[in-house]
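Peer 1: Sharing a structure here in structure tokens format.
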Amino acid sequence: MNKVIIYVLAAFALVSCSQSQESMLAEIAAFEDSEKTGTKEGLAELALLHKAYGIKYEDAQANDYLYAAAQYYYYENNTAEAESLLTQYITRDDSTERFRNAAINLAILNGKAGKFTEADDLISEVLDKDLPTAAQWQDVIQLYEDKLKANKNIAPKDYERLALACTAVGRFEEALTALDQAIKDFPKYENRSDLIYRAGFICWEYLKDSKVASAYYKQFLAEYPNASNAEEVKIILSKGMLTMSDEDILTMLKGKNK
């Protein structure tokens, strides 16, 4: 008999939870259709409703609401709420694009708080999943510029990330400056040869400055003659490829492969 009572109570509890969830959804839907969303106060109230549902449940709708609330607080400069909700949201990762937005926004908040290690870890996670959009790259640039200005535990990777982001949005001069700084400041960096190579490539491919590109490539060969791509650089210099047009390079390569 006691077991029957327990089962009945459990059933009532499930129904109650379901009704509670339905009630919350109905309240949110009604609010979203109301004129209140056109006011600042209304948006703040809606964010609270989104937050409450998003934290309590973990279905697709909850993810939508949790993300919406997190973004609201982020753009309202409510750092504490934004950081808390963004942190919860990225553990769910239900959308690559939204994950990138949430992770980068959280990284920016960490950067503003001086927590650059945490910020860098978030950017690493973003890059491991998918490349950012143009707007997101701009945020990444700002993050690493802020870190370099703060002069806090600067590493070659910070300049590499900055150069990568600048290259992605066509800010090639700034990308070159970042690489050049890392080349000068970290002479014993294990991937320094790649920094010099990339600097030469940016000068050649994007800045169309064959003279500076040649200087970087010659430095590369002088300091790293046994690098895996040293032969490639030797060919670029010996064949005069830095001053060739793309069509001439293609013709040369076709002739070489015959």
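What follows is calculated from the coordinates using simple rules that are stated; it is not laboratory data. Everything quoted here is computed from the prediction, not taken from an experiment. Cβ coordinates were reconstructed from backbone atoms using ideal geometry, including for glycine residues, and neighbour counts include every protein chain displayed.
Peer 1: Which value does Rg/Rh take for the stretch 175-258 over its C-alpha atoms, Rh per Kirkwood?
Peer 2: Values: Rg = 13.4 Å, Rh = 13.4 Å.
Rounded to two decimals, Rg/Rh equals 1.00.
Peer 1: Of all GluC sites (Glu not before Pro) in the stretch 28-77, which ones are in loop regions per DSSP and have a Cβ with at most 14 other Cβ atoms within 10 Å? All intermediate terms of the calculation are to be shown ahead of the outcome.
Peer 2: Values: sites: Glu32, Glu35, Glu41, Glu45, Glu58, Glu76; in loops: Glu58, Glu76.
Answer in residue order: Glu58, Glu76.
Peer 1: While we're looking at this one, here's another question. Quick check on the chain: helices-only [θ] at 222 nm, where DSSP H runs of length 4 and up contribute -39,500 (n - 2.57) each and the sum goes over total residues. Nearest 500, please.
Peer 2: Values: 13 runs with 196 residues, N = 258.
Helix-only estimate at 222 nm: -25000 deg cm²/dmol.
Peer 1: Build a GNM of the chain with springs between Cα atoms under 10 Å: which of Ala68, Ala80, Ala213 gets the top mean-square fluctuation?
Peer 2: Highest fluctuation of the listed residues: Ala80.
Peer 1: Which residue, Ser84, Ser228, Ser124, has the most motion in a Gaussian network model of the chain that connects Cα atoms within less than 10 Å?
Peer 2: The residue that fluctuates most here is Ser228.
Peer 1: Percent relative contact order of the chain, based on C-alpha pairs within less than 8 angstrom and at least six residues apart? Display every interim value, and only then the final one.
Peer 2: On the way: 229 pairs, mean separation 18.5, N = 258.
Reported as a whole number, the value is 7 percent.
Peer 1: Which of the listed residues, Ile249, Tyr197, Tyr216, is farthest toward the dipole's positive end in the stretch 193-258, when Lys, Arg count +1 and Asp, Glu count -1 at the beta-carbon?
Peer 2: Ile249
Peer 1: For the stretch 104-166 and the stretch 82-96, what is the separation of their Cα centres, given in Å?
Peer 2: Taking the Cα centre of each part, the stretch 104-166 and the stretch 82-96 sit 18 Å apart.
Peer 1: Rounded to the nearest 0.05, what FRET efficiency is calculated for Ser228 and Ala113 with R0 set to 45 Å and r the Cβ-Cβ distance? Write out the running numbers ahead of the final one.
Peer 2: On the way: r = 40 Å, r/R0 = 0.89.
The pair Ser228/Ala113 has a calculated efficiency of 0.65.
Peer 1: Assign one of three labels to the stretch 13-94, namely rounded, prolate or oblate, based on the Cα gyration tensor with a ≥ b ≥ c the square roots of its eigenvalues; rounded applies when a/c is under 1.5, prolate when it is not and a/b is larger than b/c, and oblate otherwise. Provide the component values of the computation, followed by the final result.
Peer 2: Details: a/c = 2.35, a/b = 1.15, b/c = 2.04.
Oblate.
Peer 1: Separate question: Can you classify the stretch 85-147 as rounded, prolate or oblate using the Cα gyration tensor, where a ≥ b ≥ c are the square roots of its eigenvalues, rounded means a/c under 1.5, and otherwise it's prolate if a/b beats b/c and oblate if not?
Peer 2: On the way: a/c = 1.90, a/b = 1.26, b/c = 1.50.
Judged from the Cα gyration tensor, the stretch 85-147 comes out oblate (a/c at least 1.5, b/c at or above a/b).
Peer 1: Follow-up question, since we're still on this one. Exceeding 27 Å between C-alpha atoms, which entries from my cross-link table qualify? They are Lys152/Lys218; Lys51/Lys152; Lys129/Lys188; Lys149/Lys188; Lys157/Lys254; Lys147/Lys234.
Peer 2: Working: Lys152/Lys218 33 Å; Lys51/Lys152 34 Å; Lys129/Lys188 30 Å; Lys149/Lys188 23 Å; Lys157/Lys254 37 Å; Lys147/Lys234 36 Å.
Correct reply: Lys152/Lys218; Lys51/Lys152; Lys129/Lys188; Lys157/Lys254; Lys147/Lys234.
Peer 1: Rounded, prolate or oblate, given the Cα gyration tensor of the stretch 108-177, with a/c below 1.5 counting as rounded?
Peer 2: Working: a/c = 1.72, a/b = 1.19, b/c = 1.44.
Taking the square roots of the gyration eigenvalues as a ≥ b ≥ c, the stretch 108-177 is oblate.
Peer 1: A follow-up question, please. Please list, in order along the stretch 219-225, the HN-Hα scalar couplings obtained from phi with the Karplus expression 6.51 cos²θ - 1.76 cosθ + 1.60 (θ = phi - 60°), rounded to whole Hz, x for Gly and Pro.
Peer 2: 4, 4, 5, 5, 8, 9, x
Peer 1: Still on this structure: Would you be so kind as to identify which of Leu148, Asn101, Pro225 lies farthest towards the positive end of the dipole of the chain, taking Lys and Arg as +1 and Asp and Glu as -1 on Cβ and the Cα centre as origin?
Peer 2: Pro225
Peer 1: OK, next. What three numbers, in Å, describe the spread of the alpha carbons of the stretch 53-201 along their principal axes, ordered from the longest?
Peer 2: Result, largest extent first: 52, 26, 24 Å.
Peer 1: Could I get the Rg over Rh figure for the chain? Both from C-alpha atoms, Rh via Kirkwood, rounded to two places.
Peer 2: 1.20
Peer 1: Now a separate question. Rank these for me by crowding, Leu25, Leu46, going from fewest to most other beta carbons within 10 Å. Write out the running numbers ahead of the final one.
Peer 2: Values: Leu25 16, Leu46 20.
Listing Leu25, Leu46 from fewest to most nearby Cβ atoms yields Leu25, Leu46.
Peer 1: Separate question: Provide Asp158, Asp128 in ascending order of the number of other Cβ atoms located within 10 Å of each residue's Cβ, fewest first.
Peer 2: Details: Asp158 21, Asp128 7.
The fewest-first ordering by Cβ neighbours comes to Asp128, Asp158.
Peer 1: What is the fewest-to-most order of Lys147, Lys234 by other Cβ atoms lying within 10 Å of their Cβ? Walk me through the intermediate numbers first.
Peer 2: Working: Lys147 22, Lys234 14.
With the fewest neighbours first, Lys147, Lys234 line up as Lys234, Lys147.
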